[in-house]
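A short worksheet on the structure shown next.
The values are calculated or read from the model by the stated rules, or taken from the named source; none is laboratory data. Nothing here was measured: the structure is a model prediction, and the numbers come from that model. Neighbour counts run over all protein chains shown; Cβ positions are idealised from the backbone, glycine included. Keep in mind that these areas ignore ligands, DNA and RNA; they rest on the heavy atoms of the full protein, side chains included. Shrake-Rupley method; radii C 1.70, N 1.55, O 1.52, S 1.80 Å.
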Amino acid sequence: MSIRPNPVEALVTLPRLPDPADRSAHWRQAIAALGRRMRVSGPPPLDEILPEQLVASARTALATGLADDVDWIDPRAAAVALYELTTALPSGTERREFGRRVFARIYEGTAAVFSAVATRMALAGGKPLETPTMRARVHLALDSSVGSTVHADPLALALISRRPLFRQWCAVPSTGALPMRRLAALLLERAAREAVRKAQEGDPYPTTLFADDEVAA
């Protein structure tokens, strides 16, 4: 069977595959693709799939137990992949079931898992990060040691890449009390580290964020 690195192709075919081995292979290909490192720009990875097709694939994954077959991949990638599926699904049973699995991993998993999913949440608008519990966990992630397994630099870059989030997490805190000013400085520092790293890998777009009038100020 040919490799299908595109998560849309791999997911769309799930309901049409009679062989459990083929379904498992396509599911794993989709999860691996969805769990890859985030991109600051561009559409969501499942933007091309029709809602009814995604619901059918999610229903198949739940019915056959594939929805829980993610322990073979890094826990951070697994949680991110499940989150991408959840946010792409329309409201309904399938979205609730996948959402339950995502939040179980966020609250029961490591700080590294939280940081990875929080990055995707920020890229999607950041609304789930507004609760006091989630905000506190974001603060802890950003305050983690550079080079630790938490790897909060992508989260910082995601938070400054969306203007409303930049204002909420950096611009307003930068004029507040000392702890908030410190958080704003940490956020900019870690975002800059990630932007430079991406530029070294050949993606110059993140560095352009620092030329934005508000960020530069």
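Computed in the context of the full set of protein chains, the accessible area of the chain at 1.4 Å probe radius has 56% of its extent on carbon or sulfur.
Normalised per residue, the accessible area of region 94-183 is 48 Å², obtained with a 1.4 Å probe and no contribution from ligands, DNA or RNA.
For the chain, what is Rg from Cα atoms divided by 2.2 N^0.38 Å, rounded to two decimals?
Values: Rg = 18.2 Å, N = 217, 2.2 N^0.38 = 17.0 Å.
For the chain, the normalised Cα radius of gyration is 1.07.
Loop-only check: which chymotrypsin sites (Phe, Trp or Tyr not before Pro) in region 98-146 are DSSP coil with at most 15 other Cβ within 10 angstrom? Walk me through the numbers on the way to the answer.
On the way: sites: PHE98, PHE103, TYR107, PHE114; in loops: none.
When the chymotrypsin sites (Phe, Trp or Tyr not before Pro) of region 98-146 are filtered for loop state and at most 15 Cβ neighbours within 10 Å, nothing remains.
Would you mind pulling out the separation of the Cα centroids of region 76-97 and region 161-212, in Å? Taking the Cα centre of region 161-212 as reference, the centre of region 76-97 is 27 Å away.
Please give me the summed charge of the neighbours of ALA67: other residues whose Cβ is under 14 Å from its Cβ, Lys and Arg +1, Asp and Glu -1. Kindly include the intermediate steps, with their values, before the conclusion.
Working: positive: ARG23, ARG28, ARG59, ARG95, ARG96, ARG100, ARG101, ARG105; negative: ASP68, ASP69, ASP71, GLU84, GLU94, GLU97.
Charge balance near ALA67 sits at +2.
Between ASN6 and GLN200, the distance separating the two model label sites (each 7 Å from Cα on the Cα→Cβ line) works out to 3.4 nm.
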